[in-house]
Amino acid sequence: MQKILYTNDITPALHSLVDSLAPASVHIVTDVNVATEVLPRLDLPWSVITTPAGDSAKDLTSLSAIWSSLIEQGATRRSLVINIGGGVVTDMGGFAAATFKRGVRFINLPTTLLSAVDAAVGGKTGINFLGYKNEVGAFAPADAVIISTSTFSTLPPTELLSGYAEMIKHGLLSSAADYDSLLDYDISSAPLGELLPLLEKSVKVKENIVLQDPFEKGIRRALNLGHTAGHAFESLALDNNSPVPHGYAVAWGILVEMILSHLTRSFPSAQLYRYAGYLRSQGYGAPAITCKDTDRLIELMRHDKKNDTPDHINFTLLDSPGHPVIDCTASTDDIRSALDIFRDLMGL
């Protein structure tokens, strides 16, 4: 079972975990931004492997460089990797650890709200490949995750909004009351110290689901809410050399899948208008798409790794907030209609 610590005293927590694991050596994996802005504050004594920042660097080239650095630094099967950074670092560093010498132990220290609530927890690791999100990876839970809000002060507002979209997703999966409370909370101006209890509550929604279904054979697929359409938006943006934050893509994807839920499962239309209004008012913007992009978006959805066959696009949909339904499919016509309605609701 993955150990999750909620604390803003990061350095003592890390030292305590390392002492308990007694590794032969310790190797920090981080990106160039975190290495400059966060690592000096932590004052850690271990070797550092630095990768380029950004989702475009989450690829085979960067993964190979991490493996090479581990070899150069003398890592063995008894070594420990500590991934310090956002979702790109925890996904890719976790995959590097899971595959190096057939697997070494690792700890995740997410430094963004998005990675704290999503990527760092649950055991999914991987890289992008041939333009597709998280196309190659493995289920490999970290030995421990340290969740803290103390590093979030370095984040721009876009990063907070990106992570908050995943918290909203967890609220939608949990209950109408949890969802309502998240829409009423002002992430842009609230003190970060107040966020830690909310973050803990959100992570526990994911943790409870993962414990029931660690390898995504059933109920864990509920966590894919917003991701089938969201990954398509994200991949299209990468194709166009204009990447968007993962959480923004998920936020837009949630709206598309709410619309599909309305078209196929009678999800209340009032919830569509409410959520679309929330996205507009909070500054989530909108994807740079027109009707000409519909075929490409559907093609990207067909390639999503959650699909059992290329002919069926798998979605998690909603009967209402707090009542997700997994393993739903939608016709191409319904997806086209949903994207049309999405553009109308987002003013595109």
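Tally the DSSP beta bridges in the chain and give the antiparallel ones as a percent, rounded to 5.
35
With a ≥ b ≥ c taken as the square roots of the eigenvalues of the C-alpha gyration tensor of segment 63-121, please select rounded if a/c is under 1.5 and otherwise prolate if a/b is larger than b/c or oblate if it is not?
Here segment 63-121 falls in the prolate category.
Output the pairs from Lys124/Lys306; Lys3/Lys305; Lys169/Lys204; Lys206/Lys306; Lys3/Lys133; Lys101/Lys206 with a Cα-Cα distance over 23 Å in this structure; if there are none, say none.
Lys3/Lys305; Lys3/Lys133; Lys101/Lys206
At a 1.4 Å probe radius, carbon and sulfur cover how many percent of the accessible area of segment 165-240?
Roughly 55 percent, rounded to a whole number.
Out of [x] 120; [y] 207; [z] 145, which label holds the value of volume of the Cα convex hull per residue in Å³ that was computed here?
[x]
Let me make sure I get this right: for segment 189-348, a, b and c are the square roots of the gyration tensor eigenvalues over alpha carbons, sorted descending. Under 1.5 in a/c it's rounded, otherwise prolate if a/b > b/c, else oblate. Which is it?
It is rounded, given that a/c, with a ≥ b ≥ c, falls under 1.5.
Is the shape of segment 189-235 rounded, prolate or oblate, going by the alpha carbon gyration tensor and its root eigenvalues a ≥ b ≥ c, with a/c under 1.5 for rounded and a/b larger than b/c for prolate?
oblate
Please give the length that would be gained between Asn208 and Thr332 if that part of the chain were fully extended, namely 0.36 nm times their separation in residues minus their C-alpha to C-alpha distance (nm, one decimal).
Answer, rounded to one decimal: 41.3 nm.
Using the Karplus equation 6.51 cos²θ - 1.76 cosθ + 1.60 (θ = phi - 60°), what ³J(HN,Hα) coupling, rounded to whole Hz, does each residue of segment 5-21 give in order, writing x for Gly and Pro?
Residue by residue, segment 5-21 yields 10, 10, 7, 9, 9, 5, 4, x, 5, 5, 4, 5, 5, 4, 4, 5, 8 Hz.
Given H placed on each backbone N at 1.01 Å, which residues far from Gly226 in sequence or on other chains put an amide H within less than 5 Å of it?
So Gly226 has HN proximity to Thr316.
For Asp327, list long-range residues whose amide hydrogen, built 1.01 Å from N in the peptide plane, is under 5 Å from its own amide hydrogen.
Residues meeting the amide H criterion: Phe315.
Can you give me the accessible area per residue for the chain, using a 1.4 Å probe, in Å²?
Ligands and nucleic acids excluded, the result is 40 Å² per residue.
The values are calculated or read from the model by the stated rules, or taken from the named source; none is laboratory data. Everything numeric here is computed off the predicted structure, so don't read it as measured data. SASA here: full protein model, heavy atoms, side chains in, ligands and nucleic acids out. Shrake-Rupley method; radii C 1.70, N 1.55, O 1.52, S 1.80 Å.
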